[in-house]
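We did not get these values from a lab; they are worked out from the coordinates using the rules stated. Because the structure is predicted, anything quoted here is derived from the model rather than measured. Positions of Cβ are generated from backbone atoms using ideal geometry, with glycine treated the same way; all protein chains shown enter the neighbour counts.
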Amino acid sequence: MSTKKITWCKNCLNMSTRPRITFDEKGWCNACQWMEEKKKIDWAPRQKELEELLDKYKSKTGNFDCIVPVSGGKDGSYVAYMLKHKYGMTPLAVTVRPALSLPIGDQNLFNFIQSGYDHIHISPNPKVLDRLNKYGFIEKGFPYYGWLIAIMTAVIKTAANYNIGLLFYGEDGEVEYGGSTESKNKALYNIDYMKKVYLEGGHEKVFDRIKQDGDISEAELSFFKFPTDEEVSEIGLAFTHWSYFEPWDSYRNYVVAKEHCGLVEKDEGNVDTFTNFAQNDQALYSLHAYLMYLKFGFGRATQDAGIEIRRGSMTRDQALNLVKMYDNAYPHDLIDIYLDYYKMTKEEFDAVLDKYANKDLFEKVDGIWEPKFTPGEDFEI
């Protein structure tokens, strides 16, 4: 019987189970390789690319110049701030309202808008959003899949309606955190990339499921549909990540958003990580992080620790202690909220978790999946 070795990055704690990740001869993951590469990049040509892009799309008729999707969190706030205050652009900030939004997220969004931004709040039909989220949870192990679709499709539809050609998202997570590096030297990306990487190829699967229900019309699905290639070409849409144009630093983004956009942190810590200033907009994120842990063996603390290691504020040993403390976080306090939202029994809910738990990495003990591995220690399955 063949065996497979599970390894951890020798610099951060990215696991070899992470989709699309690669390692070099030193055992460093591609996120850490990119960290080193960024120190040597001449950013001047990329800065010139940015300026040319902004000049191309700057409105000559008093329209908005570009769109920035925001949640009120650090990253979208930082991008909008930079576009407006450093580059003299007039961005339109767009938020797609998530299910189960959290009060602190609502407050941060309000604070961001009040700091001086034009803003549109999109509220997709809850009947459709909730159904897509549930089917995403069941079919993809992705608890806010409908919302994930909409932060692309509904934002694109808004851009088309306002005839705004340029859309700025924050970072390219594949490049920054470990995954495909195909886009690291490309300023622009397309809808196929969104579907393949961000939606993990499941967009049509959940759509087929919802169409089989027969009680949701094509018009009600409008906010969740991607435009055709012809429509993209006709509007002249361009999609880009701010992280392409300068070294991405999520902590710097937090500091800027706190100082200039009214960002506030949670008073209490999170159960699944040691940070308190990120991903505070919706209750479903904790479930997303737990499912990530069950699928791949790493959770939110591992991701946060990797960011801190790569920016030089934490050692790998410190990170290991935090990962052992936080990563295995079954969302006990939120279970009743999830069961009510998905209209599921506890047995049905746990059956979905069981479906996605990686049996090579986990075993069930007293009804909870527990790791067979020790973080940071290579092992074979």
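Using the charge dipole of segment 164-306 (Lys, Arg: +1 at Cβ; Asp, Glu: -1 at Cβ; taken about the Cα centre), state which of Ala187, Gly299, Ala283 has its Cα farthest towards the positive end.
Gly299
Choose one of Phe274, Gly262, Cys66: the residue whose Cα lies farthest towards the positive end of the charge dipole of the chain (beta-carbon charges +1 Lys, Arg; -1 Asp, Glu; about the Cα centre).
Final value for the positive-end residue is Cys66.
Give the label of the value calculated from the structure for volume of the Cα convex hull per residue in Å³, choosing from [x] 164; [y] 174; [z] 151.
Calculated volume of the Cα convex hull per residue in Å³: the matching label is [z].
Quick one: which of 91-102, 355-366 comes out on top by average Cβ neighbours within 10 Å, and what's the full order, highest first?
Put in order of decreasing packing, that is 91-102, 355-366.
Where nothing but the Cβ of Lys and Arg (+1) and of Asp and Glu (-1) is charged, how large is the charge dipole of the chain around its Cα centre, in debye to the nearest 20?
So the dipole magnitude of the chain works out to roughly 560 debye.
For segment 234-381, what is the relative contact order in percent, using Cα pairs closer than 8 Å and at least 6 residues apart in sequence?
With pairs under 8 Å counted, the relative contact order is 20 percent.
Around Cys12, with a cut-off of 10 angstrom between Cβ atoms, what is the net charge of the other residues, counting Lys and Arg +1 and Asp and Glu -1?
The answer is +2.
So how strong a dipole does segment 8-100 carry about its Cα centre when Lys and Arg Cβ are +1 and Asp and Glu Cβ are -1, to the nearest 20 debye?
For segment 8-100, the charge dipole is close to 220 debye.
Using the alpha-carbon centroid of each, what span in Å lies between segment 214-237 and segment 305-381?
36
Once you've got the GNM for the chain with C-alpha springs shorter than 10 Å, pick whichever of Lys346, Lys258, Lys40 has the biggest mean-square fluctuation.
Evaluated over the chain, the most mobile residue of the options is Lys40.
Kindly provide the helix-only [θ] at 222 nm of the chain, computed as the sum of -39,500 (n - 2.57) over DSSP H runs of four or more divided by all residues, to the nearest 500 deg cm²/dmol?
Result for the chain, helices only: -13000 deg cm²/dmol.
Which aspartates and glutamates, on any chain, are close to Lys355 with Cα under 18 Å apart, when same-chain ones fewer than 8 places away are left out?
Glu139, Glu200, Glu347, Glu363, Asp366, Glu370
Spelling out what I want: for every residue of segment 153-158, take phi, set θ = phi - 60°, compute 6.51 cos²θ - 1.76 cosθ + 1.60 (Karplus), and round to whole Hz; glycine and proline get x.
5, 5, 5, 4, 4, 5
Under a 5 Å amide H to amide H cut-off, with H placed in plane at 1.01 Å, what residues pair with Cys66 once short-range neighbours are removed?
So Cys66 has HN proximity to Thr90, Leu92.
Could you derive backbone 3J(HN,Hα) for segment 58-75 from the dihedral phi with the Karplus parameters 6.51, -1.76 and 1.60 (θ = phi - 60°), listing whole Hz in sequence and x where the residue is Gly or Pro?
The phi angles translate into 4, 5, 9, 10, x, 7, 5, 8, 7, 10, 10, x, 9, 10, x, x, 5, 6 Hz.
Please state the relative contact order of segment 44-244 as a whole percent: Cα pairs under 8 Å, 6+ residues apart?
It rounds to 23 percent for segment 44-244.
What does a probe at Glu51 reach in segment 76-92, counting residues whose amide N is under 19 Å from the point 7 Å along Cα→Cβ?
82-90
Highest GNM mean-square fluctuation, the chain, Cα pairs closer than 10 Å: which of Ile41, Ile21, Ile67?
Of the options given, Ile41 has the highest mean-square fluctuation.
Near the amide H of Gln282, under 5 Å away, which other amide H atoms are found, from residues 5 or more places off or on another chain, if H is placed in the peptide plane?
Leu102
List the pairs from Lys205/Lys295; Lys195/Lys343; Lys134/Lys196; Lys266/Lys324; Lys48/Lys84; Lys205/Lys324 whose alpha-carbon separation is above 24 Å, in the order I gave them.
Violating the 24 Å Cα-Cα cut-off are Lys195/Lys343; Lys205/Lys324.
Would you work out the relative contact order for the chain, in percent, from Cα pairs under 8 angstrom that are 6 or more residues apart?
It rounds to 23 percent for the chain.
Report the one residue of Ile337, Val352, Pro247 whose Cα lies farthest in the direction of the positive end of the charge dipole of segment 233-381 (charges on C-beta: Lys and Arg +1, Asp and Glu -1; origin at the Cα centre).
Pro247
Restricting to segment 44-244, compute how many DSSP beta bridges are antiparallel as a %, nearest 5.
Of those bridges, close to 10 percent are antiparallel.
Apply the Karplus parameterisation 6.51 cos²θ - 1.76 cosθ + 1.60, with θ equal to phi minus 60°, to every residue of segment 104-118 and state each ³J(HN,Hα) to the nearest whole Hz, in sequence, with x for glycine and proline.
Calculated HN-Hα couplings, in order: 5, x, 4, 5, 5, 5, 4, 4, 4, 4, 5, 6, x, 9, 6 Hz.
Would you list, by chain and number, the aspartates and glutamates whose Cα falls below 16 Å from the Cα of Lys258, excluding same-chain residues fewer than 8 positions away?
Of all the aspartates and glutamates, those that pass the test against Lys258 - Cα under 16 Å, at least 8 places apart if same chain - are Asp75, Asp106, Asp249, Asp267, Asp281.
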